[in-house]
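Structure first, then comments.
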Amino acid sequence: MPSPSSEQPFRIGTRASPLALAQATLTRDALIAVHGWAQDAVVLVPMIASGDRIQDRALAEIGGKELWTRELDRALANGEIDCAVHSLKDVETIRPAAFVIAAILERADPRDRLIGAASIADLPRGARIGTASPRRAAQLLHARPDLDITLLRGNVATRLAKLDAGEVDATLLAAAGLDRLGMNDIGVALDIDTMLPAPSQGAIGIEVLADNDGARAAVTAIDHDVTHRCVAAERALLAELGGDCRSPVAAHARMRARGIILTAHLYATDGSAMVSGEYMLDDDNTPAGLARDLLAEAPAAIRALFAG
């Protein structure tokens, strides 16, 4: 594509939340650095997502992950933006064929941070834990069935304000999001072996129209190959499971010397059951195969939460 300019800039679509804007800024800076574009040749185009407008109900009750992508999808399809920046853990596994994830930035810290206590074990008996994540709720209840899980939605600042106001005793937030907002000192990072993260957690994806060769080439230049391969494995597992935003699933892929190791946990909603598995990925051991093995091993309380 021709080099963008202040008159015809490269337009990055983003949700208008502080975290989304921070992630779009990282994308803008990466594009400027790799292409040598002028600062004013790339602009952010913020928009309010449906999911940001509704804060009093769980995502699964009001339309699922599509509520984070609907407005950006429309702008991309209409040619109002050249790319869209997403937190990939909030993006549906099956996307319209018109769009393609052309790049994924290097993954940040994938862990969860516990805010309000030094560890899960240190939470008082019956503590109220605020979260809107079925995965986090199930993991907490699996470790501590006595905990009281209560719905807590909103951006990072809103959730922290509700914690400070005493509406909940503790909450969990993604370390990557806190770090991107400059809140590196908030909370205690939970080891991945203690709290396996959501698929794609910590990864920023940049989507373009599949038939826009110029935008696709521009964005592909900032792709981090290892992150892309690991996140693709996590999303392939999700696709085979057939779960939705109500399905408590944790998965994390890591690159090692011998290749990619994919670990996954499936939970019953109330944490009463859990099944786990791990593959070293190769031609015979695929993300889809791991998903099938997990479902075959899982009790009925877990299988019922997945369509696979």
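Would you point out which residue out of Ala165, Ala176, Ala161 is outside the structural domain of Cys83 (by TED's automatic domain parsing), closer than 21 Å to Asp225 by Cα and either surrounded by fewer than 22 Cβ atoms within 10 Å (Cβ to Cβ) or out of contact with any strand residue (DSSP E or B) (no Cβ under 6 Å at 6 or more places or on another chain) (or both)?
On the way: Ala165 fails: closer than 21 Å to Asp225 by Cα; Ala161 fails: closer than 21 Å to Asp225 by Cα.
Being outside the structural domain of Cys83 (by TED's automatic domain parsing), closer than 21 Å to Asp225 by Cα and either surrounded by fewer than 22 Cβ atoms within 10 Å (Cβ to Cβ) or out of contact with any strand residue (DSSP E or B) (no Cβ under 6 Å at 6 or more places or on another chain) (or both) holds for just one of Ala165, Ala176, Ala161, which is Ala176.
Considering each residue of segment 70-110, count those that are in contact with a Pro (Cβ under 9 Å, 6 or more places away or on another chain), under 29 Å from Arg159 (Cα atoms) and surrounded by fewer than 21 Cβ atoms within 10 Å (Cβ to Cβ), and give that number.
Here is the first cut: in segment 70-110, the residues in contact with a Pro (Cβ under 9 Å, 6 or more places away or on another chain) are 73, 77, 82, 88-89, 93, 110.
Still in the list and also under 29 Å from Arg159 (Cα atoms): 73, 88-89, 93, 110.
From what's left, surrounded by fewer than 21 Cβ atoms within 10 Å (Cβ to Cβ): 73, 93.
Qualifying residue count for the region: 2.
Among the residues of segment 27-36, are any modelled with pLDDT of 95 or more and not in a helix (DSSP H, G or I)? Please lay out each step first, then the result.
Pass one, segment 27-36, residues modelled with pLDDT of 95 or more: 27-36.
Next, only the ones that are not in a helix (DSSP H, G or I) stay: 36.
Yes, the conditions are met somewhere in segment 27-36.
Can you list the strands (runs of 3 or more DSSP E) found entirely within segment 90-205 that contain at least 2 residues being without any contact (Cβ under 8 Å) to a residue 40 or more places away in the chain?
Where strands (runs of 3 or more DSSP E) fall fully within segment 90-205 and carry at least 2 residues being without any contact (Cβ under 8 Å) to a residue 40 or more places away in the chain, they are 148-150.
The values are calculated or read from the model by the stated rules, or taken from the named source; none is laboratory data. Values in this document were obtained by computation on a predicted structure and should not be read as measured data. Quick reminder, even Gly has a Cβ in these numbers, built from the backbone with ideal geometry, and neighbours come from all protein chains shown.
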